[in-house]
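**Student:** Handing you a structure now.
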Amino acid sequence: MAKLIDEKLLDEAAHWLARMHASDFSASEQAALVQWCTQSAAHAQVWRCAQHIKRQLHEVPSSLGMAVLNRPASVTNRRHLLRNTALTLVAVPVLGWLTSQSLPWQAWSADYRTAKGQRRTVVLADGSRITLNTASAISASMRSDARLIEHYEGEILVETAHNAVYQHLPFIVQTRDGQMQALGTKFIVRQHEQGTTLSVLEGAVRATPAHLEQAATVHIRQQLRFTGHALGATTALDTHAGAWTQGVLYAENMRLEDFLRELGRYRNGVLHCTPEVAGLLVSGVYQLSDTDRILHLLAQTLPVRLQMRTRYWVSVVQA
């Protein structure tokens, strides 16, 4: 299987993986990276592996990681890491990844974005308010046929306005999985690796998958998970779906593994637990402004302890 991985592509991907994090990464380099990624399915596969590594490392800060990545000798190390990841993913089809909604450079050029752990509220030309959760990116445009929000990654809260100048234009949020049209409403859209979750707080929203000739209208206090090819069942809204807008993470009998995965959205670095403690249940209301404190609270209230290689590499293990 190793013969399927081109050494030259691994070297080139390793180079781009380092360059894209550099402070002097230019617009011309970005365009060159886009061209490189789209040369062939093989290029796309190797870059997908690079992006997988980036997600697994949860964007370790440049002060720890990028200095090492930029050393000339580390190209070989990055190539080995890319090869190992590629071998685990080589059987996964890449055609879906090649659709425009999933390509990472769109998020780079987004109109509005947030870093990990950051929240931001923007007011659009029509008076609508968009609140971006951690690690989120959108672009917004007032077109002649619609008010369009292109949602590239993360999670947003949408509060539509009723400006008379724009009210005749449909308000649409577009993700890689499809589009959602607001019917005078307040709602949350969250993108997952597989699928989009729509949570309606007020009014109603019509969701249409990208590759399905079928739509579903989601009403107040309802939520829906869908992909580009399928609509899930409409269920009762999680009463704490919007807790993040207040800087709060709410847990009620949540498995520790799931809790840490959610907490990891707001914290730089690697955060995980061992299988022995993964099923422990977590309940409480946690302030996201201090994730270190949350971890120490877990160690005080559960039979676990923290193994911290650095602040950015934390394992929760059995006490």
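Just so you know, all these numbers are worked out from the coordinates, no wet-lab data involved. Note that the structure is a prediction, hence the values are computed from the model and not measured. All Cβ positions, glycine included, derive from the backbone under ideal geometry; neighbour counts span all protein chains shown.
**Student:** Below 12 angstrom from the Cβ of Val218, what's the summed charge of the other residues (Lys, Arg +1; Asp, Glu -1)? It would help to have the intermediate numbers written out before the result.
**Tutor:** Working: positive: Arg206, Arg221, Arg225; negative: Glu202.
Here the count lands on +2.
**Student:** OK, next. What trypsin sites (Lys or Arg not before Pro) does the range 132-213 have in DSSP loop regions with at most 15 other beta carbons within 10 Å? Could the numbers behind the result be given before it?
**Tutor:** Numbers: sites: Arg143, Arg147, Arg176, Lys186, Arg190, Arg206; in loops: Arg143, Arg176.
Counting only loop positions with at most 15 other Cβ atoms within 10 Å, the trypsin sites (Lys or Arg not before Pro) in the range 132-213 are Arg143.
**Student:** Separate question: Grab the other residues whose beta carbon is less than 13 angstrom from that of Asp290, score K and R as +1, D and E as -1, and report the net. Before the final figure, lay out the partial values.
**Tutor:** On the way: positive: Arg267, Arg293, Arg311; negative: Asp292.
Value of the local net charge: +2.
**Student:** Can you pull out the GluC sites (Glu not before Pro) in the range 175-237 whose DSSP state is coil and whose Cβ has at most 10 other Cβ atoms within 10 Å?
**Tutor:** Working: sites: Glu193, Glu202, Glu213; in loops: Glu193, Glu213.
Passing sites in the range 175-237 are Glu193, Glu213.
**Student:** On average, how much area does the Cα convex hull of the range 247-318 cover when viewed from any direction, in nm²?
**Tutor:** Projected area, direction-averaged: 4.0 nm².
**Student:** Moving on. Where nothing but the Cβ of Lys and Arg (+1) and of Asp and Glu (-1) is charged, how large is the charge dipole of the range 117-258 around its Cα centre, in debye to the nearest 20? Don't jump to the answer; show the numbers that get you there.
**Tutor:** Details: 12 positive and 14 negative charges, 57 e Å.
The calculation lands at about 280 debye.
**Student:** Just want to confirm a number: the relative contact order over the range 108-236, from Cα pairs under 8 angstrom separated by 6+ residues, in percent. Mind showing how you got there, number by number?
**Tutor:** Values: 340 pairs, mean separation 20.6, N = 129.
Relative contact order comes out at 16 percent.
**Student:** A further question on this structure: How far is the Cα center of the range 135-212 from the Cα center of the range 257-319, in Å?
**Tutor:** If we compute the Cα centre of each part, the gap is 32 Å.
**Student:** Which of the trypsin sites (Lys or Arg not before Pro) across the range 263-319 are loop residues per DSSP, with 16 or fewer other Cβ within 10 Å?
**Tutor:** Working: sites: Arg265, Arg267, Arg293, Arg305, Arg309, Arg311; in loops: Arg267, Arg311.
Here the sparse-neighbourhood loop sites are Arg311.
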